Every structure is written in structure tokens, then in C-alpha cells.
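The next block holds one structure in the form of C-alpha cells; read it before the comments.
The values are calculated or read from the model by the stated rules, or taken from the named source; none is laboratory data. Because the structure is a prediction, the values reported are computed rather than measured. Reconstructed Cβ throughout: ideal geometry from the backbone, glycine too, with neighbour counts over all protein chains shown.
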Amino acid sequence: MLIVGAGVSGLGAACHLRRDHPGRRIAILEARDTLGGTWDLFRYPGVRADTDMHTFGYAFAPWRARPGSPTARRSSLSAFPGGDLFAAVSRGTASVRTDTVATFTEDGLLLASGERLAADIIVTATGLNVEALGDVRVTVDDTPVNLADTVVYKGLLLSGVPNLAYLVGYTHASWTLRIGLAGEYLSRLLTHMDAHGHTTARPEVGDPPLATRRWPPAAGHPPLPGPGRRLPDAGYARATPPGRPRPVANIHRLSR
């Protein structure tokens, strides 16, 4: 088995697979010369992680944080200790603008609306343009796969793509909580395949097709249109009128 990336997700998946399938050969590919991925790459003074450290881990190696310890207090970093931000907003010494940055200027920023914002320090924290699979090009039988045309199954397998798992953690909770669930499911799937002599697992959308939505789900954000989407969709169940067949969720096509 080949795992691409020695970040927290890749290492977690490798531990699950090694524990439950000790007879399988596992290799991890990593472009950097160290482990940890994003969580090792981004380092800020006094900040260890941008998540609740008590839940940032796996069931096979949970944190042993003591109440009142630095680790237990780490999750307060993103909650504006002392309420200084809110106090500044109330005093009128801090303000919020919703706009698009057109360009940097000598003394700050020029917004798309034409407004100029003076600033001594600019922190670029406008989010990420997520590249699914690290922008790896996927092909099946020499046919390119457009990930935006696929539907994700169980949060890690892609419709029409055999023997490929794409692990993404939670974005509004500890990343590892979801990676742990994905690793456990992947392990169970491999156990089932071994028991029945299958070598290939490929999800397929059922008939009739199920309704889909943006994935990973982001509260308050509508699905990205057409060519702007770079991520697969996810299926979800809508209320079905009596007497009509309910859309079938993705099912595995297993083969020997």
C-alpha cells in the first residue's frame, strides 16, 4: 500500500493499517525531509497548533493532559484571551471591512471598491485555495478523472476511481477526529476484501442518482459553480415522497 504524505493524516492512516493489517507492505512518500506535514511546516511563536490539543490525536495514542497544564490551556489561544479584540472594537480602535484586496500599496492596501486602508503590519490570512490530492492528476485506464465530477463515498473514496482513498479531516473540530474514523473504515474495508478474495474496490453512484452537495461541507458557503470546483461532491438524502424509490447511496463494486 502506498500513502502519499507523511503529515498527521498519512501517519495516522499508516498506524491504523499497520495495526490491523500487519502482513501488508506499506510505504509512505513525503516531499519534505521531515514528518508532520502542515502541522510541522507552520510554526508561530508561542502557538503550537490551531486546534484543541486535547482532541488533536488518535485513539491509539491519546493525549494525557492534566487540568491546568499548558497543553490543556492551549485551546484558548483562538478565543481572544481577555477579550482584547472585542474591547478594541467597542472602543472604535478596531474595525472590520468586507472586500477584495486589489493590491498592496506603499502604506497599506487598495481594495477592489477603491477604498485605501493604511497599515503598518499586514497579516495575510485570507484562507486557502484547496487543491484536492495535492493537485495530483488522476487517470483510470488512461482517461483523466475530473475530481469535480466525482462523488465521495464515506468521506474518503471517489466514485469511479478504484483503490484510492482521499483522507480529509474535520475543519470545525480537531482534524484527527475524522482521520481516525476514515482510517478505521479503510481498515474494515480491507479486512472485508481479504476475507472474500477481492483486490479492487470502486464506489459507484446508485440508480436513481442521489442528490449531491459540496464536499467537504462548509457552513454558509454555496457550492462552487462549474469549472471553479476542484473538489468532489458528496451525496446526501432528501425527503422522498411515499411510493417513490429513495436515491441509492454509493455502493462498492468489488472484483477479484
Legend entry - Test result for THR176, of a type in the set (S, T, N, Q), part of a helix (DSSP H, G or I) and either within 19 Å of PHE60 (Cα to Cα) or modelled with pLDDT under 95 (or both): yes
Within region 99-115, of all residues that are outside any loop (DSSP other than H, G, I, E, B) and in contact (Cβ under 8 Å) with a residue 12 or more places away in the chain, the one farthest from the chain's Cα centre (by Cα) is GLY108
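Take VAL152 and tell me if it is part of a loop (DSSP other than H, G, I, E, B), surrounded by 14 or more Cβ atoms within 10 Å (Cβ to Cβ) and in contact with a strand residue (DSSP E or B) (Cβ under 7 Å, 6 or more places away or on another chain).
no
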Residues of region 137-155 being farther than 18 Å from LEU167 by Cα and not charged (D, E, K, R), in sequence order, are THR139, VAL140, THR143, PRO144
On the given criteria, is GLY169 in contact with a Lys or Arg (Cβ under 7 Å, 6 or more places away or on another chain), among the small types (Gly, Ala, Ser) and part of a loop (DSSP other than H, G, I, E, B)? yes
Only one of ALA6, ALA14 is modelled with pLDDT of 85 or more and touching a Leu at 6+ places or on another chain (Cβ under 7 Å), namely ALA6
Counting only residues in region 179-223 that are at pLDDT below 90 and of a type in the set (Val, Ile, Thr), the one surrounded by the most Cβ atoms within 10 Å (Cβ to Cβ) is identified as VAL205
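In region 132-174, which residues are among the basic types (Lys, Arg) and more than 18 Å from the chain's Cα centre (by Cα)?
Of everything in region 132-174, just one residue is among the basic types (Lys, Arg) and more than 18 Å from the chain's Cα centre (by Cα), namely ARG137.
Are any residues in region 19-48 surrounded by 10 or more Cβ atoms within 10 Å (Cβ to Cβ) and either part of a strand (DSSP E or B) or of a type in the set (A, V, I, L, M) (or both), and if so, which ones?
ILE26, ILE28, LEU29, LEU35, GLY36, LEU41, VAL47, listed by residue number.
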- Residues in region 56-72: is at least one buried (at least 16 other Cβ atoms within 10 Å of the Cβ) and modelled with pLDDT of 90 or more? no
